[in-house]
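Participant: Mind looking over this structure? Questions follow.
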Amino acid sequence: MKCPFCDENEDKVVDSRTAREGEVIRRRRECLACKRRYTTYERVEESLPVVVKKDGRREPFDRMKILAGIKKACEKRPISTATIEAVTDQVEKRIQEMSEAEIPSTVIGEEVMKELHQLDQVAYVRFASVYREFKDIDQFMDELKVLARERREK
């Protein structure tokens, strides 16, 4: 493991423990060169699908893209980092459960929107406005009206 402080490759593991309900191993490491400590996380590498983008390009599934999109939608909202991680985990788990070799990016976007819809309506609208590429204020207002109707029905 490369030290994030001095770029040396030699380290020792000081502590290991499971995290996220046994899905991840958290390791505290100490660089043998600079003696500074840092944390790494290990997870089983799943066979994740190739994502088919709207323009037909194909690229490997990237959990960090989902996480970044959710973080952006939840910016300045009262949502913890742990909750954002959990939502990302849930979306990734659903994608894995589909057991497809290729998956359209639209399916991933819809899964994220389902989670955000339940979590925070402002974050949901933010994500939807980018994801669905609203062309004008009317499309945006239509989405808000649907949310308002759902809220009244609860």
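Participant: Considering only residues that are within 22 Å of Asp138 (Cα to Cα) and within 15 Å of the chain's Cα centre (by Cα), look in the stretch 118-127 and name the one that is surrounded by the most Cβ atoms within 10 Å (Cβ to Cβ).
Facilitator: Step by step, filter the stretch 118-127, then rank; the result is Ala123.
Participant: Of the residues that make up the stretch 69-77, is at least one in a helix (DSSP H, G or I) and among the aliphatic types (A, V, I, L, M)?
Facilitator: Checked the stretch 69-77: at least one residue is in a helix (DSSP H, G or I) and among the aliphatic types (A, V, I, L, M).
Participant: Something else now. Do we have Arg57 as over 22 Å from Val87 (Cβ atoms), out of contact with any Lys or Arg (no Cβ under 6 Å at 6 or more places or on another chain) and either surrounded by 13 or more Cβ atoms within 10 Å (Cβ to Cβ) or among the hydrophobic types (A, V, I, L, M, F, W, C) (or both) here?
Facilitator: Taking the combined requirement at face value, the residue does not satisfy it.
Participant: Counting just the residues of the stretch 11-52 that are in a loop (DSSP other than H, G, I, E, B) and at pLDDT 95 or above, which one comes out nearest to Ile95 (Cα to Cα)?
Facilitator: Taking the candidates together, the pick is Arg36.
Participant: It is to be established whether one or more residues within the stretch 25-38 are hydroxyl-bearing (Ser, Thr, Tyr), touching a residue at least 24 places away in the same chain (Cβ under 8 Å), more than 22 Å from Tyr131 (Cα to Cα) and not assigned by TED's automatic domain parsing to the domain that holds Val125.
Facilitator: Yes: one or more hits.
Participant: For Gly22, indicate whether it is of a type in the set (Gly, Ala, Ser) and within 18 Å of Gln121 (Cα to Cα).
Facilitator: No, not satisfied.
Participant: Please identify the pairs in which a residue from the stretch 76-94 that is closer than 14 Å to Met113 by Cα has its Cβ atom under 6 Å from the Cβ atom of a residue that is of a type outside the set (Val, Ile, Thr) and part of a loop (DSSP other than H, G, I, E, B), counting only partners at least 6 apart or on another chain.
Facilitator: Taking only residues 6 or more apart or on different chains, the pairs are Ile84/Cys74.
Participant: Right, something else. Among the numbered conditions (1) surrounded by 17 or more Cβ atoms within 10 Å (Cβ to Cβ); (2) in a helix (DSSP H, G or I), tell me where Ile103 comes up short.
Facilitator: (2)
Participant: Please identify the pairs in which a residue from the stretch 126-154 that is more than 27 Å from Lys53 (Cα to Cα) has its Cβ atom under 9 Å from the Cβ atom of a residue that is not polar (S, T, N, Q), counting only partners at least 6 apart or on another chain.
Facilitator: Short answer, once both residue conditions are applied: Leu147/His117; Leu147/Tyr124; Leu147/Val125; Glu150/His117.
The values are calculated or read from the model by the stated rules, or taken from the named source; none is laboratory data. Because the structure is predicted, anything quoted here is derived from the model rather than measured. Note that we place each Cβ from the backbone using ideal geometry, even for glycine, and neighbour counts take in every protein chain shown.
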